[in-house]
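Contents: one structure, followed by commentary.
The values are calculated or read from the model by the stated rules, or taken from the named source; none is laboratory data. In this text, all values refer to a predicted model and were calculated from it rather than measured experimentally. With ideal geometry, Cβ positions are generated from the backbone for all residues, glycine too; neighbour counts draw on all protein chains shown.
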Amino acid sequence: MTPKIYALHENPEWFVPFAAAFEAESLPMEEWLLTEGTLDLDSTPPDGIFWSRISASSHTRDHGLTKDYSRAVLSWLETHGRRTVNGRRVLELEMSKVDQLTALRAAGIATPRTVAAVGREQVLEAARDVPAPFVTKHNQGGKGLGVRKFVAFEELEKYVASEDYEEPVDGITLVQEYVVAADGGITRVEIVGGEVVYAVRGDTERGGFQLCPADACAIDPATGRPVLPPGATVSMAPDDEWNLFSLRDGYDDPVVAQYLEFTRRHGIEVAGIENIRTIDGRVLTYDVNTNTNYNSLVEEASEKSGPREIARFLGRLLTETYPNA
């Protein structure tokens, strides 16, 4: 078989702009949906480049087996020497905020004060070490999964004892300091193949804790209207144009160089890394998205396209790996 690019994912809704980019670049691509299936360990993988964009939030789409299925597939591919992009080790970073935060801290990148806890009572114990206000979030998450703000310890006590308490899928809850953005937004730096594509501002006042840039995340399928996300402090009028994201032109904070070195060191070849500049002057990095999505309005405003840069990068890898194909 002629070598091609294989895209490993579990959410067709999010893949539309990437499929269009591969088509625009005239690149051979095949999707592998890792929601269920079989894996013959005696078989040999096809020749090609294997790009993993498995999401930590896959279990919220009834794809609870995707994480472990992907681990098996990536191990199989890499054992056979196939070139993976965001491979087996990167999958672990995607699935664990503890993994991300400890790796960021080891690289000298500032992160929010965080305590990890297993068990409801231990969530309360963790909160005693983090001054209020604070937030809780799930270790394996995405789309703001499990993120709640508490202004006092007693408020958390009531929540933990209630039926509304959300159990994290991997049992680990993070208790993290609540920080206020100096300009009402976060910055997301998009990186492909060791190069910055662009930086994006996410509106925390309207977007709260749920800042997924994919267009599919923005609309309630039942009403067709945007949903006010958890943590938002400003509502949108019914006739307002809705977009939580905008291009940050000329973003040159020193943390960008740290991100490039961090992704190189950890073998992360496609990522969106998020930080917040606080009102007390700190730049705190809190999330490494290795299945990054892109916002269509930001794409229109930018000279570069995230999906097109990914397609071109993977196309170059295909040519370099199989020069005689």
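Listed here are the strands (runs of 3 or more DSSP E) enclosed by the range 167-259 that have at least 2 residues being charged (D, E, K, R) and at pLDDT 90 or above: 185-192, 195-203.
Restricting the range 295-322 to residues that are outside any helix (DSSP H, G or I) and either modelled with pLDDT under 95 or charged (D, E, K, R) (or both), the residue that is nearest to Ser246 (Cα to Cα) is Asn295. Quick one: is Ala107 touching a residue at least 40 places away in the same chain (Cβ under 8 Å) and closer than 28 Å to Arg61 by Cα? Taking the combined requirement at face value, the residue does not satisfy it.
Inspect all residues belonging to the range 288-308 and state whether any of them is β-branched (Val, Ile, Thr) and surrounded by fewer than 21 Cβ atoms within 10 Å (Cβ to Cβ). There is no residue in the range 288-308 that is β-branched (Val, Ile, Thr) and surrounded by fewer than 21 Cβ atoms within 10 Å (Cβ to Cβ).
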